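Structure first, commentary second.
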Amino acid sequence: MTAADAASRITEKFSGAITGTKEFRGETSLGLEAGALREICLFAKESLGFDYLVDISAVDHFGEEPRFEVVYELYSMDAAVHLRLKIPVSEDDCEAPTVSDIWPTADWHEREVYDLMGIGFKNHPDLRRILMWEGYPYHPLRKDFPLEGRPSDAPELAFSEAAPLAGGPFVTVPTDGTTQVREPRARHAGEIPRPEKFIEEP
């Protein structure tokens, strides 16, 4: 079985719930109606052998509606096949069905998406923040959350004020060097290293 074969079988069985299929660089992605997610996931696991949920992530299409997309990375150990499923999530209800009873590893993945993107998972057994503290009012991976962060009301924590952008992990400096040279962590004493510093001696 290939990813294309799996996508074809899912499309054949759930044709009314498939919103699109995309092939890119040898990877197959299926867009689904959110209401059919659990049924399709059960079919993928029990009938197609996708016994491993690698990850769940989310995309913020800020300025569009539906604003969010939840992405499920499935893998079949026996067939060595990867398949990606995607569902839309509107900003208004901001909720997706849990799959933690299908793949237990979804428990922490869904908590991470909930914590950092603010997307809830209906019927999750223990939906609470996993990185930020309870009561933190923001979701740091949303596109409207500033890179420098927001001040918090928890002065006992290390990061209670907005972080300076100078030299942060997401800030690069224009240069004609490679990506390795532009990487902020490659700087030495605030100086942009020259490309030859990264050329290994023969």
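The values are calculated or read from the model by the stated rules, or taken from the named source; none is laboratory data. Since the structure is predicted, the reported quantities are computational estimates derived from the model, not experimental observations. Please note: Cβ atoms are built from the backbone with ideal geometry, for glycine as well, and neighbour counts cover all protein chains shown.
For residue 68, indicate whether it is touching a residue at least 24 places away in the same chain (Cβ under 8 Å), under 26 Å from residue 91 (Cβ atoms) and not polar (S, T, N, Q).
When the stated conditions are applied, residue 68 passes them.
Among 26, 31, 20, 35, which is farther than 15 Å from residue 86 by Cα and of a type outside the set (Ser, Thr, Tyr)?
When all the criteria are applied, what remains is 26.
Before we move on, is residue 134 of a type in the set (Asp, Glu), assigned to a loop (DSSP other than H, G, I, E, B) and surrounded by 13 or more Cβ atoms within 10 Å (Cβ to Cβ)?
In short, no.
Determine which single condition residue 22 fails, assuming it passes every other condition in (1) over 24 Å from residue 104 (Cβ atoms); (2) touching a helix residue (DSSP H, G or I) at 6+ places or on another chain (Cβ under 9 Å).
Looking at each condition in turn, residue 22 falls short on (2).
Report yes if some residue within segment 75-83 is closer than 26 Å to residue 126 by Cβ, assigned by TED's automatic domain parsing to the domain that holds residue 24 and of a type in the set (A, V, I, L, M, F, W, C); otherwise report no.
Just the residues of segment 75-83 that are closer than 26 Å to residue 126 by Cβ, to begin with: 75.
Keeping just the survivors that are assigned by TED's automatic domain parsing to the domain that holds residue 24 gives 75.
If we keep only those that are of a type in the set (A, V, I, L, M, F, W, C) too, we end up with none.
The answer is no, given that none of the residues of segment 75-83 is closer than 26 Å to residue 126 by Cβ, assigned by TED's automatic domain parsing to the domain that holds residue 24 and of a type in the set (A, V, I, L, M, F, W, C).
Can you pull out every residue in segment 22-40 that is more than 11 Å from residue 73 (Cα to Cα) and hydrophobic (A, V, I, L, M, F, W, C)?
Hits for segment 22-40 are 24, 32, 34, 36, 37, 40.
Name the one entry in 164, 169, 125 that is surrounded by fewer than 12 Cβ atoms within 10 Å (Cβ to Cβ), assigned to a loop (DSSP other than H, G, I, E, B) and at pLDDT 95 or above.
125
Residue 89: over 17 Å from residue 4 (Cα atoms) and in contact (Cβ under 8 Å) with a residue 24 or more places away in the chain, yes or no?
yes
Grab the strands (runs of 3 or more DSSP E) fully contained in segment 1-98, keeping just those with 1 or more residues being within 30 Å of residue 144 (Cβ to Cβ) and at pLDDT below 95. First the steps, then the outcome.
Values: elements: 18-24, 27-32, 52-60, 68-76, 81-89, 95-97.
Counting at least 1 such residues, we get 18-24, 27-32.
Residue 65 passes all but one of (1) loosely packed, with under 15 Cβ neighbours inside 10 Å; (2) farther than 28 Å from residue 140 by Cβ; (3) under 20 Å from the mean Cα position of the chain (by Cα); (4) not β-branched (Val, Ile, Thr); which number fails?
(2)
Cβ contacts < 9 Å: first residue more than 17 Å from residue 94 (Cβ to Cβ) and in the same structural domain as residue 90 (by TED's automatic domain parsing), restricted to segment 121-147; second residue in a loop (DSSP other than H, G, I, E, B) and among the basic types (Lys, Arg), any location; separation 6+ or different chain. Result?
Within 9 Å, the pairs are 134/128; 135/129.
Checking residue 95 against (1) within 23 Å of residue 17 (Cα to Cα); (2) touching a residue at least 60 places away in the same chain (Cβ under 8 Å), only one condition comes out false. Which one?
Unmet condition: (2).
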